1. Taking the stretch B:140-157 as the search range and keeping residues that are of a type in the set (A, V, I, L, M) and crowded, with 24+ Cβ neighbours inside 10 Å, which one is nearest to the chain's Cα centre (by Cα)?
2. Restricting to the stretch A:22-48, and then to whatever is touching a Pro at 6+ places or on another chain (Cβ under 7 Å) and assigned to a strand (DSSP E or B), can you tell me which residue is nearest to A:Ala61 (Cα to Cα)?
3. Please enumerate the residues belonging to the stretch B:143-152 that are at the interface with chain A (Cβ under 9 Å from one of its Cβ atoms) and either of a type outside the set (Val, Ile, Thr) or not in a helix (DSSP H, G or I) (or both).
4. I'd like the full set of residues that are within 14 Å of B:Asp154 (Cα to Cα) and aromatic (Phe, Trp, Tyr), limited to the stretch B:94-125.
5. Take the residues in the stretch B:35-79 that are in contact with an Asp or Glu (Cβ under 7 Å, 6 or more places away or on another chain) and crowded, with 23+ Cβ neighbours inside 10 Å, then tell me which one is modelled with the lowest pLDDT.
6. Working only within the stretch B:101-122, note down all residues that are closer than 22 Å to A:Gly54 by Cβ and more than 7 Å from chain A (Cβ to nearest Cβ).
7. Which residues, counting only those in the stretch B:153-180, are over 13 Å from B:Ala199 (Cβ atoms), out of contact with any Gly (no Cβ under 7 Å at 6 or more places or on another chain) and within 12 Å of chain A (Cβ to nearest Cβ)?
8. Find the strands (runs of 3 or more DSSP E) located wholly in the stretch A:135-199 whose residues include 2 or more that are out of contact with any Ser or Thr (no Cβ under 8 Å at 6 or more places or on another chain), and list them.
Amino acid sequence: MKRISILLALLTLFVAEVAMAAGAVVTSLAGSVQVQTGSAAPRALRVGDEVAQGDTIFTGANSSIVMKFDDGQIAALTANSRMQVNTYSYDPPTQRGNILLSLVVGGMRAITGFIGHNQPNNVRFHAATATIGIRGSDGMIITDGTDVAVTVTEGAFTFTLGTQTIVIPAGRGALGANGQITPGTAQQIFNRLPQNFQSAIGGLEGLTNSINEALEGRQGQPNPPPPPPPPPSQTPGPNTPTGGTGGGSASSR
Amino acid sequence: MRPGRLAIVIPAAVLLATFASAAVRLGSSGEVAYRAAQEMATWTASGHEPGAAGVQWLIEDLERARTSAPGDPNIEEILGSLDMKRNDRPEFLDEALVHYRQAVALRPTSPYSWADIVMAEYRKGATGREIEMPMRNAALLGPAEPEVQRAVIDYGLALWDEERPDTRQAVERTITAAMKRDAAETLQIARRRGRLAVACRHLADAPRRVDPEWRLLCRGREEQS
């Protein structure tokens with residue numbers, strides 16, 4: 001009887017771990033992308049893997065990745081990037097949580113999800129010495145580890161460098177270099193960027209299809225017409241989330 | 001009492017006392033394992049991990065129980081799961097694998113123990129025999145166990161391009177069984193791994209009605225290929 005109790009306790013543990021898992025799923029990946037969890041050795045990431053708080057993602061040359069967080073937030077990284085998930089927590093019932101991502105080097109396109117919509121102050125990005133806040137939905141951040149460029153496609157970003165903070169509306173951007181923020185149109189910013197920054201932007205623009213697929217939850221699958229309303233006995237459909245093994249322990253039963 | 005009877009009674013009494021002592025020790029280790037599993041379930045259910053000290057206390061309790069009653073695979077599995085939580089240390093995966101392999105050595109017929117090894121090896125970035133052999137064993141020993149099915153399908157599809165044909169066959173057999181149990185969940189895992197076409201091949205195995213959108217998605221895959 002005691003052994004059965006132990007097995008039941010382990011099953012409870014498994015179910016709880018799956019339910020509490022919070023983070024992102026890799027929806028698209030090209031080339032060589034690695035993740036480091038804690039101080040473990042980096043390992044290759046694959047489509048469908050989960051990325052969680054504390055993980056650091058590295059993209060190699062000619063590589064890219066698109067991740068979709070539980071709240072719908074998208075983070076896409078271009079080649080030769082390094083990003084750390086400093087904080088990610090999300091409570092689905094209230095659609096609230098906290099996001100802090102650090103782009104150490106490279107290019108990232110960020111599209112906000114429920115947290116950004118409901119609690120914009122709780123979505124922040126660090127890039128070099130700059131802090132970028134979200135007041136809208138879609139933008140790009142590029143850094144070589146020293147200078148930072150931001151362009152905004154939809155909504156608005158806040159850009160803080162030292163004691164200076166500006167709001168960047170859609171269609172505009174800013175370059176943070178030598179402790180100064182220089183705002184301009186997105187095109188002006190792009191034209192002033194060094195070649196490596198321009199390459200990063202080009203790489204991010206090449207991810208548009210993968211990002212759209214992640215936004216639609218399709219992950220490379222065809223988009224069917226909407227199904228008729230399901231009868232009560234029907235099994236869940238493709239857009240009904242179900243837990244994977246993820247980081248949960250398969251030992252539990 | 002006659003000397004002849006004493007020669008039987010004394011060894012029998014010693015044997016009985018030994019068995020009783022072993023039973024008490026096993027009971028005690030079972031109690032520790034049960035409490036440890038309950039404690040870990042509390043952490044995950046509350047969303048609050050206990051920190052390094054809390055994990056260490058539990059490990060010390062379990063190691064004491066293991067010393068007094070060696071050979072309990074449940075304790076090894078729980079110790080492995082605790083090590084998986086200590087990812088602030090570079091060696092946490094290797095230490096977890098030591099416990100999971102010991103659990104397999106003690107209970108080689110447990111598909112869950114093999115699935116534990118698959119999970120830890122995947123997180124280590126292992127490919128080839130290191131992960132495929134335990135994956136095949138888990139699939140063989142637990143074809144109808146939901147958690148085992150999830151692990152085999154998830155990691156099996158993640159490594160699909162790199163697997164040997166016999167490993168792929170084991171994964172496909174698991175998909176067939178899982179489609180019978182819960183087609184939507186199986187299709188969802190395959191889709192997350194970008195391998196929906198593999199699961200769609202087994203759509204006919206699903207005995208219950210599947211959401212028509214899945215059938216459309218699968219038909220789309222067929223047309224694409």
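The values are calculated or read from the model by the stated rules, or taken from the named source; none is laboratory data. Quick caveat, the model's predicted, so the values are computed rather than measured. Don't worry about glycine lacking a Cβ; one is built from the backbone with ideal geometry, like all the others, and counts go over all protein chains shown.
1. Filtering first and then ranking leaves B:Val148.
2. Among those residues, the one meeting the criterion is A:Gln34.
3. If the condition is that a residue be at the interface with chain A (Cβ under 9 Å from one of its Cβ atoms) and either of a type outside the set (Val, Ile, Thr) or not in a helix (DSSP H, G or I) (or both), then B:Glu145, B:Pro146, B:Glu147, B:Arg150, B:Ala151 are the ones that fit.
4. Scanning the stretch B:94-125 gives a single hit, B:Tyr122.
5. B:Thr44
6. B:Ala120, B:Glu121, B:Tyr122
7. The answer is B:Tyr155, B:Leu159, B:Asp161, B:Glu162.
8. Values: elements: A:138-143, A:148-154, A:156-161, A:164-169, A:172-177, A:180-185.
Where strands (runs of 3 or more DSSP E) fall fully within the stretch A:135-199 and carry at least 2 residues being out of contact with any Ser or Thr (no Cβ under 8 Å at 6 or more places or on another chain), they are A:138-143, A:148-154, A:156-161, A:164-169, A:180-185.
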